[in-house]
Amino acid sequence: MSSKVIVITGGSSGIGAALARKLAAEDHSLVLAARGADQLEAVVKECAHGTVGIPADVTRKADVDRLRDEAIKAFGRIDVWVNNAGRGITRNVLELTDADLNEMFLINVKSALYGMQAIIPYFKKRGAGHLINISTVLSRVPAATFRAGYSA
């Protein structure tokens, strides 16, 4: 298997950090993005050589475009883009606020949209690339009432 250049949003914790560790062990070059610079740097250090951390807020389209551009600048190309950033709120639906839902929508939906808008034209022009959108099983099987807002 040849080494790939892989961008992972939400790379400082959870699935993103676990995926980064696995791919780094397979000698892929990684660009990890997250809002929390300290946590991001800790994962970058764990993954070691061939890993770059770029603090970015993927709810801002300009940050996502900058992430793409900095990844290309760092490694000369992007082979795989993983839209992984996400947020869930564990709270009864009657306790959810507009702010809660707006933040989840921004992170879980718009960040993926911004990622697709940033990378698909690049992949089309290049004639190659893979886009992976991470989602939750709760969006398909909303069995947990205390995660109803997240499931929606």
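The values are calculated or read from the model by the stated rules, or taken from the named source; none is laboratory data. Note that the structure is predicted; figures quoted are calculated from it, not measured. Note that each Cβ is placed from the backbone with ideal geometry, even for glycine, and that neighbours are counted across all protein chains shown. These area figures cover heavy atoms from the full protein model, side chains too; ligands, DNA and RNA do not enter into them. Shrake-Rupley method; radii C 1.70, N 1.55, O 1.52, S 1.80 Å.
For the chain, the longest principal axis of the alpha carbon atoms and the long axis of helix 61-75 meet at an angle near 30°.
Amide H contacts of Val31: Ile6, Val7, Ile8, Val52, each under 5 Å away and 5 or more positions distant or on a separate chain (H built 1.01 Å from N in the peptide plane; Pro and chain starts excluded).
Roughly how many Å² is the accessible area per residue of the chain, as a whole number, for a 1.4 Å probe? Walk me through the numbers on the way to the answer.
On the way: 8300 Å² over 152 residues.
Ligands and nucleic acids excluded, the result is 55 Å² per residue.
Computing percent of Cα pairs over 20 Å apart directly from the structure and comparing it against [x] 48; [y] 54; [z] 63 singles out [x].
In summary, the lysines within cross-link reach of Lys110, defined as a Cα separation below 28 angstrom excluding same-chain residues under 8 places away, comprise Lys4, Lys22, Lys61, Lys73, Lys124, Lys125. Pairs of Cα atoms under 8 Å, at least six residues apart: use those to get the relative contact order of the chain, whole percent. The value is 23 percent.
Relative to the longest principal axis of the Cα atoms of the chain, the long axis of helix 14-25 makes an angle of roughly 20 degrees. Once you reduce region 33-61 and region 1-17 to the center of their Cα atoms, the two points are 10 Å from each other. For region 1-96, applying the loop criterion from DSSP together with a ceiling of 16 other beta carbons within 10 Å to the GluC sites (Glu not before Pro) yields Glu26. Over the chain, with every protein chain in place, what whole percent of the accessible area is carbon and sulfur at 1.4 Å, could you tell me? The value for the chain is 56 percent carbon and sulfur by accessible area.
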